[in-house]
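A.B. asks: Quick one: this structure, given as structure tokens, is what I'll be asking you about.
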Amino acid sequence: MYFTYLLIDFFTVIICFIFSFHPKIQFSRYFGAFFKASILVGLVFIIWDIWFTKNGVWWFNDDYLIGIRLFGLPIEEILFFICIPFSCIFTYFCLDKFFTLDWKPLPEKLYVIFSVIAYLSVAFVFHDRVYTLVTFLTLALSLIILYYTLGVRWIGKVSFIYLILAPGFLSVNGILTGTGLETPIVNYNPSEFMGIRILTIPIEDFFYGLELILWNVFFLKKFMRKDQRWCRI
């Protein structure tokens, strides 16, 4: 029982890790770039996580943890910010390698504009719910920075692939939030989020995950540009 969260991390990443060495995929060539990206992005999300945990926005059930903590966070939670991005980025890499999923400029621009307006609206309406406010406000700012300041043109593609990954997301986060368990591994303060759940998962988690993956993709691409062997992702 104490290994539950650790096993979730392990099984989330193990199949993708094994197939990373497949000769037709060869994602293993880019492990260095991935780890630099995931650690850089993960540090920001871990600081966010520490602050939320310290202020009771969410907390962790020790019954499902091995008991090692850093800065108040279970070691399993820290590993989450490597394991989840790895499986998502690996899937993105494979789908983009074998299929043409690029969006045309106008649909992507409209998607970004609509998303920013929608996220800012949610943040405004639920400004008294910390998790909702921070998640939707930072996601809106991330889209603005990525699209208008940094000039990336893959937001639509990444968002679509993230949607494809939704069943896996629901499975992993569902267990973390209590699906199939007597009590949740991660508990949320009901006064700090909208109260809308997909099964047992606060809907904010889905958008939190999208922001995590968007920044992982950005920095992965940035680090991989330094590797002349890499042709495309």
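The values are calculated or read from the model by the stated rules, or taken from the named source; none is laboratory data. Just so it is clear, the model here is predicted, and its values are computed rather than measured. Backbone-built Cβ (ideal geometry, glycine too); neighbour counts: all protein chains shown.
A.B. asks: Does the stretch 89-125 hold any residues that are outside any helix (DSSP H, G or I), within 22 Å of the chain's Cα centre (by Cα) and not acidic (Asp, Glu), and which are they? Break it down stepwise before answering.
C.D. replies: From the stretch 89-125, those outside any helix (DSSP H, G or I) are 99-104; that's our starting set.
From what's left, within 22 Å of the chain's Cα centre (by Cα): 101-103.
Those that are outside any helix (DSSP H, G or I), within 22 Å of the chain's Cα centre (by Cα) and not acidic (Asp, Glu): LEU101, TRP103.
A.B. asks: Filter the stretch 134-183 down to the residues that are β-branched (Val, Ile, Thr) and either outside any helix (DSSP H, G or I) or in contact with a Lys or Arg (Cβ under 8 Å, 6 or more places away or on another chain) (or both), then identify the one that is surrounded by the fewest Cβ atoms within 10 Å (Cβ to Cβ).
C.D. replies: Filtering first and then ranking leaves THR183.
A.B. asks: Cβ-Cβ below 7 Å, separation at least six or inter-chain, first residue in the stretch 52-71 and in contact (Cβ under 8 Å) with a residue 40 or more places away in the chain and surrounded by 12 or more Cβ atoms within 10 Å (Cβ to Cβ), second among the polar types (S, T, N, Q) and assigned to a strand (DSSP E or B): which pairs?
C.D. replies: Qualifying pairs under 7 Å: TRP58/ASN187; TRP59/ASN187; ASN61/ASN187.
A.B. asks: Could you please find all residues in the stretch 150-207 being in contact (Cβ under 8 Å) with a residue 24 or more places away in the chain, over 20 Å from LEU65 (Cβ atoms) and charged (D, E, K, R)?
C.D. replies: ARG153, LYS157, GLU192, GLU204
Conditions (1) over 18 Å from ASN187 (Cα atoms); (2) among the small types (Gly, Ala, Ser), marked per residue:
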| site | (1), (2) |
| --- | --- |
| SER28 | yes, yes |
| ARG69 | no, no |
| PRO85 | yes, no |
| PHE90 | yes, no |
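A.B. asks: When you check GLU108 against the structure, is it at pLDDT 95 or above, among the acidic types (Asp, Glu) and buried (at least 20 other Cβ atoms within 10 Å of the Cβ), yes or no?
C.D. replies: no
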